[in-house]
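The values are calculated or read from the model by the stated rules, or taken from the named source; none is laboratory data. All figures in this text were calculated on a predicted structure; none of them were measured in a lab. Cβ: placed from backbone, ideal geometry, glycine included. Neighbour counts: every protein chain shown. The area values use the complete protein model at the heavy-atom level, side chains included, leaving out ligands, DNA and RNA. Shrake-Rupley method; radii C 1.70, N 1.55, O 1.52, S 1.80 Å.
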Amino acid sequence: MSTTDTLPRPLTGEMLIGARAIAGTDKPVRAIEAATGLPMEPAYGGGTAADVDAACALAWAAFDTYRETTPEARARFLEACAQAILDIGDDLILRAMAESGLPRGRLEGERGRTVGQLRLFAAELREGSWVGARIDPALPQRAPLPRPDLRLRHVPLGPVAVFGASNFPLAFSVGGGDTAAALAAGCPVVVKAHSAHPGTSELVGRAIRSAVAACGLPEGVFSVLFGSGAVVGQGLVADPRIKAVGFTGSRAGGIALMKTAAARHEPIPVYAEMSSINPVFLLPGALEARAETIGKGFVGSLTLGAGQFCTNPGLVLAVEGAALDRFLASASEALAAAPAQTMLTPGILQAYQQGVARLAGNNRVRHVASGAAAGAATQGQAALFETTAAHFRDDPALAEEVFGSASLVIRCPDTATMLRLAEELEGQLTATIQMQDEDLEMARALLPVLERKVGRILFNGYPTGVEVAHAMVHGGPFPSTSDGRSTSVGTLAIGRFLRPVCYQDMPAALHPAALRDDNPLGLWRRRDGVPGHH
């Protein structure tokens, strides 16, 4: 029996363009049941250029009204979105399980994260420092020249196109972090749902649309489209009413969107999270003291969720010797016991198998260990490889991401080589340092290199698992993301969809609430350079 037989909530297969549910007329997409490889009902007709135009027109019509809603009103809206997603109940979990192959516990946790993100941005809106309000009062008597009255606040960019990710059908999808940040900033959102989980996307999209209506907001604040990357995806990025893009996916996909955005008459920012191999540095003292423990923990991180995380540890660097051999023996033992896991889509599985085969077929790479054999055609088998530092430097293909539970260990002759390899790596989302007190000097030398290369540096942990918090950075230099100055997780993510505007000698009657002298919103502001609630 198909998992879909247990799903009671009816799905219509329709796009949500503002308040309307519309059947797409372009080539349809169907979810593939991850566990069986069979197509699922219903079919989702793809959007056309006219559908893209309609969604963007509604978003643009809604923008000026939505952007001037109070922070409190937007906070209540985000909280209504969170509650509406929870109110879907088990239907959401069952559909997401069927479409993604992810287990119930993982998806229930991801739903909690999705709801938590929306509520965290609601709290951020109420706190208010994101406005960045600054007031420099006029100094008419200043010599030799008077100073004008200057006031600054951050305003939303405009409608945002959000692309759902394949590996997080809830937290990085229709109602995920990019959507939450854009809506918090005051930007209407048009989502291109990922074709791997259209049913999940419809359920969440309807929940958010119900919150739009319940909060009395313009219908164009939120829309969801299905369809091809060429028609819907590129069409959204090219539309002049879209002012920014949020994307999580492949490097090729992100770069294609960046090119479209840059070629517009008015280029726009694309915040694309793309590829990362997340190096793990095993410093000598840590390796000597904890080789076996680190090996087991590393395999747990490598195989979590079939390795389908953008922070999966795909590269390990260590000085060769007996301690590294102990690490490899421990990791091999743990990996052999790791079951094969269902992967998200047939395409992702195929790409993973091709990546593993590429490593296995490289005569300068040694296969170290594999996980348990796959018991179904939809499952991926974990794999661990090793090579030397010299071979790694000579073969750029060895630094390419393999999306799944595969990793490459680099045997370095000394710590100086580890440092040199770190300097030669591309931009990454994360880097991990396993260290002891005796490794402090090595860590001190490594830190400035990693600060140039990555967005998050971990110590004595593992990179999988991204806490949704104020201080989190989920980003990094290109090609891990298109703009290393930003993050897609945490409250700092709101800044991607805002820009500063200065008002000079504006009449007091026109002052926006954030810049009025009486500070009716109670914001934290800088007045004449002095911070405070004044």
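A compact table of results
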quantity: Residue order for C81, C215 - accessible surface, 1.4 angstrom probe, largest first; calculated: C215, C81
quantity: Rg(Cα) / (2.2 N^0.38 Å) computed for region 411-534, rounded to two decimals; calculated: 1.54
quantity: Over the chain: helical MRE at 222 nm, DSSP H runs n ≥ 4 each giving -39500 (n - 2.57), nearest 500; calculated: -12000 deg cm²/dmol
quantity: Å² of accessible area per residue within region 430-532, as computed with a 1.4 Å probe and no ligands counted; calculated: 48
quantity: Shape parameters for region 115-218, alpha-carbon atoms, Rg then Dmax in Å; calculated: 19.5, 67
quantity: Per-peptide average of other Cβ atoms within 10 Å, ordering 462-468, 96-102 highest first; calculated: 96-102, 462-468
quantity: The chain: relative contact order in percent, alpha carbon pairs under 8 Å with at least 6 residues between; calculated: 17
quantity: Exposure ranking of H511, H470 by accessible area [1.4 Å probe, largest first]; calculated: H470, H511
quantity: Region 247-363 - Kirkwood radius from inverse mean 1/r over Cα pairs (Å); calculated: 16.8
quantity: Carbon and sulfur %, accessible surface of the chain computed with the full protein complex present, 1.4 Å; calculated: 57
quantity: Area of F309 that stays accessible when all protein chains are in place (1.4 Å probe, Å², to 10); calculated: 20
quantity: Cα-based Kirkwood hydrodynamic radius, the chain, one decimal, Å; calculated: 24.5
quantity: Protection proxy ranking of 310-318, 369-377, 33-41 - average other beta-carbon atoms within 10 Å, highest first; calculated: 310-318, 33-41, 369-377
quantity: P(r) tail fraction, region 1-135 - alpha-carbon pairs more than 26 Å apart, %; calculated: 44
quantity: For H367, solvent-accessible area (1.4 Å; no DNA, RNA or ligand), Å²; calculated: 90
quantity: Selection from P512, L203, L359 lying farthest towards where the dipole of the chain points positive, charges on Cβ; calculated: P512
quantity: Cubic angstrom per residue, convex hull over Cα atoms of region 362-404; calculated: 82
quantity: With all protein chains modelled, accessible area of D414 [1.4 Å, Å²]; calculated: 70
quantity: Listed residues E108, E288 arranged by accessible area, highest first, probe 1.4 Å; calculated: E288, E108
quantity: Enclosed volume per residue, in Å³, of the convex hull spanned by Cα atoms of region 191-278; calculated: 119
